Amino acid sequence: MANMKQIKNEYQEIVKMHSPKNKVMKNSLRAFLVGGVICTLGQGLSNLYMYYGMSKDASAMVTTVSLILLSAILTAFNVYDSVGKYGGAGSLIPITGFANSMVSAAMEYKKEGYIYGMGAKLFTIAGPVIVFGTIASVIIGIIYYFV
Amino acid sequence: MGHTGKQTIVFKNPPIITCAYSSAGPKEVAGPLGDYFDNKLQDELLGEDSWEKAESKLIKQTVQGLLHKANKKQEDIQYLFAGDLQNQVIASTFGLKDFNIPFFGLYGACSTMGESMCLASMIVAGGMADLVMAGTSSHYCAAEKQFRFPVEYGGQRALTQQWTVTGSGFVLISRCGVGPKIDAITPGKMVDLGIKDTFNMGAAMAPAAVDTILTHLEDTNQKPSDFDAIITGDLGNCGIDIAVDIANKLGTDLSGVLNDCGKLIFDDKKQDTHCGGSGCGCSGSVFAGYLYAQLLRRNLKKILLVPTGALMSPGSTQQGNTIPGVAHAVSIIMD
């Protein structure tokens, strides 16, 4: 009887050989395109708010809120996951990706109640970003204090 | 009847699959096998308000459909063998609790169709029952929620990833009657070649599938060409290539005779499923829908159905564990 152990050593290589490879160039271009569109949209909004008399700081804040709102609406209408599928990191890294991760979790876990469902699991994906983002900002803050 | 070779049971009085019924979701119905499913779903939620409840309703509809198609009442069924992918197999629990049939809840990951058919045929061939039911289900959205990300999360899927089938298949296994017979089974052992990538389940399961297939052939003294088809559950496009490759390395040529329910159920180019279908409902619905029809029409006269499962939980892989595979073979002949 043939023994599976015979191929254990070379198995990872066999798997690698048969697995389809990611198209890095194509994915990077799409990420650049989608990420660029989101950032341009943000800049456009910011300019618009300043044109209507907002200060630079205020317009930056309102632009962020606008992008979050837009992402939340697109997630709720089952659109943002398609954007994410096309754009990859291009739609994941901007604040719209962060909003999508929270709204999608909220939609998914709402059925398990507002406390133990939505409330508890809202940060399932976004949680680590907040935790390590906060830690990083504390470290940077300490360095900044001494430099 | 008896235990043959290392881990095979050959039935002297083979149990008969007298009826089969399948349900499939909208994406599966749009695929190449769409016409073969009995219950074609329009809506992935089935009118419910959560994915989990939808999967229970899917099971309920499938069992009701099977009883109706076979012209049987729930009291006629002596035992029920079923399982699914949800934690604590709750899709089966809530889908089946109102039928009042003695219930064995199973977990074999995506190999559950094979596991349930093995156990059901043993209980019938052993004379413990005359008529039992076996089956399984899976739901794309419920599986995504439990094993991966919320459905609306905008991430990219890996190219080796497969698409969990929204579907269910149940069969009636009887001591007497007309239909394809289960002449032998080979329950599989767990095989682990060290795969840790949860996005490449085909690679995790392929060694188990090959191990079970080769053991079945050796125990029953048969060649791959003795079967019209050897059909695995959900190795997918990448996993089936790996299976053919490693079977070759171990001295058996499975090319040409080996096929896979996960490869059959979707058109990957048009439906963008990456590496094909997966989930308990993949082998469940493809067997109860497409393959059972081919057996009845005698387009296939002898098949080896080998549902495959990847044994893991999100927690087990996060703790660094590998993903062992398991596969159960059911040999089915049509006179």
Förster radius 60 Å - calculated FRET efficiency between A:TYR145 and B:ASP76, Cβ distance, rounded to 0.05: 0.15
Sequence of B:CYS141, B:CYS176, B:CYS280 once ranked by neighbouring C-beta atoms within 10 Å, starting from the fewest: B:CYS176, B:CYS141, B:CYS280
Inter-label distance, nm, simple model (7 Å from Cα along the C-beta direction), A:ASN78/A:ALA120: 2.9
Debye equation applied to the C-alpha atoms of chain A, log10 I(q)/I(0) at 0.11, 0.13 Å⁻¹: -0.66, -0.83
Per residue Cα convex hull volume in Å³ - calculated over segment A:39-122: 103
Fully extended contour minus Cα-Cα distance, from B:LEU45 to B:ASN321, at 0.36 nm per residue: 96.0 nm
Set of aspartates and glutamates with alpha-carbon distance to B:LYS73 below 15 Å, sequence-local pairs under 8 removed: B:ASP98, B:ASP130
Under-5 Å amide H pairs with B:ASP260, H placed in peptide plane, nonlocal only: B:THR232
Point-to-point label distance, A:MET61-A:ILE135, nm (Cα→Cβ direction, 7 Å offset): 3.0
Value of [θ]222 nm, deg cm²/dmol, for the protein assembly as shown, DSSP H segments ≥ 4, -39500 (n - 2.57) each, nearest 500: -14000 deg cm²/dmol
Distance between modelled label sites at A:GLN6 and A:TYR51, nm, 7 Å Cα→Cβ extension: 7.3
B:SER225-A:LEU33 FRET efficiency (beta carbon distance; Förster radius 51 Å; 0.05 resolution): 0.50
Kirkwood Rh in Å, taken over chain B so that all alpha-carbon pairs contribute: 19.2
Computed Kirkwood radius, in angstrom, where 1/r is averaged over Cα pairs of segment B:10-126: 15.3
Trypsin sites (Lys or Arg not before Pro) lying in DSSP loop within segment A:23-116, provided at most 13 other Cβ fall within 10 Å: A:LYS23
Interatomic Cα distance distribution for the protein assembly as shown, bins of 20 angstrom, percent: 23, 50, 21, 5, 0
At most 15 other Cβ within 10 Å, DSSP loop - trypsin sites (Lys or Arg not before Pro), segment B:269-323: B:ARG297, B:ARG298, B:LYS301
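A short reminder: the numbers here are calculations on the coordinates, not readings from a lab. The structure displayed is predicted, hence computed values, not measured ones. Every residue, glycine as well, gets a Cβ built from its backbone with ideal geometry; the counts of neighbours run over all protein chains shown.
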